[in-house]
Structure formats: C-alpha cells, structure tokens
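Presented below is the structure to which this report refers.
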Amino acid sequence: MITVLLKHEAIRTRGLLLVIAGLAVGLGIIGALMALTGWPLLAQLGLVLGFVGACGLVPALQLGQAVDYYRSGYGRVGYFTQTLPIRGSRMYWAKLLWAGLVLLLGLVATLALVLLVLLAGADLLGIDRASLLPTMGEAVADAFAVAPALTVAAPVVVVLLYGLNTAMLFCAVSVGSEQWMHRLGWGGPVVVWVALYTVSQIAMFVLILAVPFGLAADASGGLGLERVDLLGAMLSGVEPEIVPIGWLPALLLSIPVLVWWTARSWDRKVSLA
C-alpha cells in the first residue's frame, strides 16, 4: 500500500517539483555563466545569483511540498483525500517518504550546483580552478584521517537538519489544521510553525548547556570529547574552544516526536469543517 501511495505522490507532485527545481537550477547555471565572463559587476552579480539558486533549491522544494501538503490534505482537495478508505497515517507516511527522497535528490543537486558556481567564479574568489576538485578531495581525506567517524556522520547530520525542517513543516500544517485552529485557515499552520520553531531552538539551547561535553582537538591532533562547563563559561564570559554536541540529542529526539505527533493528527484530529 505504501508503495502505491508513494508512486501516486510522485506522479501527483512531479510537475510542481520540476518547476521549482528548474527555476533554481536555471538560476544557478545562469549565475555561473555570468560569473564565467569575468566582467566587473556582471560576474559578481552572477556569483551571487548562482549561490542563491544552489543554496535555495532545497528550501524552495521543502516549502513547495509544504504548500502541496496543505492543499492535498486539508485544502479543497483534502475533502477527497480524507474520505479515502486508507488510514490517515499511511497517507502521511507516503508523503513523508516522498519528501525525504526529494530532499536527498535536492541535496545532491545542490552540491553539484555549488561546485559549478565555484568553478565558474574561481577567478573572482581567488581559487585555482584546475586544483579546486583535487583540493576538496584532499580536504575530505585529511578530515577522515583526523576524525573518520565525524567525517562520515557529518553528511548524515546535514540530512537530519533538513529533515527536521520537513517534519516541522508537515507537523505545523497538520496540527494547525485541527479543529481548534482550523478557523484560522493558513494562519493555523503558521502559528504552529512559529511555536514549534521557538520551542525547538529553546530545547537545543538548553541541551547545549546541559550536556557537559563538546568536540575539541586532542594531543594527537585529532578530535575527541572533552568535558566542559558551558553554562559556567558563558556566565564568566569565557569562550571555550570546543564544538558543543548538546544540540544533537535535541535533533535526534525532535524528528520522531514530530513524526509521531503528525501521524496521530492524521488518524484522530482531522477537521475540514
């Protein structure tokens, strides 16, 4: 059943997603071509446009999917969707899985576009175009030699951070469309998203202070866990030379909570009246 629903989501949303992706990729390519000219102002503007297209691709896709999620589940089309003889949480899982696949493809496309813009604007950025890719490969190899686990985990964390945004948007739409908020229309999801975002930031800040560990350089030149009193350092005005890890538990806990809450809303709290 999930496979059928997933295929349906792909067919139903491909037009919207292709338009968004086409605009972002087109902006990135046009910006890269402008940067490649090397002409004053035009090349600089192209560099900016190229990075906007590359870095804006995934957020634009996520926002587009959130709008479609509202229209298909709670807008006019939602009346049909919610009457289908399928458990609401199953439909939600199909939408979430499809969003996750789109996210992965979008991140790969973003990386490709960033590399394209960097190559095109190498002269403006003071980068040797011929050695750019080998230098980046060496940097990854050096990072893996110093901290292999962290190097492998870094892309996963990036995916989870973007995934948190998708889960939060979908949760805000579902919870903000329940009966107690439905009369606000689009305002309901917006209010819930603001609340969720605020709570998540507070939770991450609290856990950063509560978890007394961080990543720091060790004697061998690698990275290791170091115990530190972040709250005490903050109160005394001292800036410890570590990378806090307290936000990571908040990230890992937030996603399943948001997914569970949204699935529960689909099964028990739908209101289109």
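Things to note:
- Solvent exposure of the chain amounts to 57 Å² per residue of accessible area, where only protein heavy atoms count and the probe is 1.4 Å.
- Protein-only accessible surface order, largest first, of Thr3, Thr135, Thr166 at 1.4 Å: Thr3, Thr135, Thr166
- The shape of the stretch 124-172 comes out oblate: with a ≥ b ≥ c from the C-alpha gyration tensor, a/c is at least 1.5 while a/b does not beat b/c.
- Projected area, mean over directions - the stretch 3-125, Cα convex hull, nm²: 7.8
- For the stretch 12-19, backbone phi angles converted through the Karplus equation (6.51, -1.76, 1.60; θ = phi - 60°) give residue-by-residue couplings of 5, 9, 4, x, 4, 5, 5, 5 Hz, Gly and Pro being listed as x.
- In terms of Cα atoms, the Rg and Dmax of the stretch 81-198 work out to 20.7, 60 Å.
- When a 1.4 Å probe is rolled over the protein heavy atoms, the share of accessible surface on the stretch 134-218 that falls to carbon and sulfur comes to 78 percent.
- Heavy atoms of Lys7: accessible area, 1.4 Å probe, square angstrom to 10: 140
- Based on DSSP H segments of at least four residues, each scored -39500 (n - 2.57), the chain has a per-residue ellipticity at 222 nm of -26500 deg cm²/dmol.
- Over the C-alpha trace of the chain, radius of gyration and Dmax come out as 22.1, 64 angstrom.
- Rg over Rh, two decimals, the stretch 85-141 (C-alpha only, Kirkwood Rh): 1.34
- Computed with a 1.4 Å probe on the full set of protein chains, the accessible area for Met91 sits at about 10 Å².
- In the context of the full protein assembly, His8 retains an accessible surface of approximately 100 Å², using a probe radius of 1.4 Å and ignoring ligands and nucleic acids.
- The Cα center of the stretch 132-207 and the Cα center of the stretch 38-79 differ in position by 17 Å.
The values are calculated or read from the model by the stated rules, or taken from the named source; none is laboratory data. Note that the coordinates shown come from a computational prediction; the quantities given were computed from them, not determined experimentally. Each accessible area value is taken on the protein alone, full model and side chains, heavy atoms only, with ligands, DNA and RNA left out. Shrake-Rupley method; radii C 1.70, N 1.55, O 1.52, S 1.80 Å.
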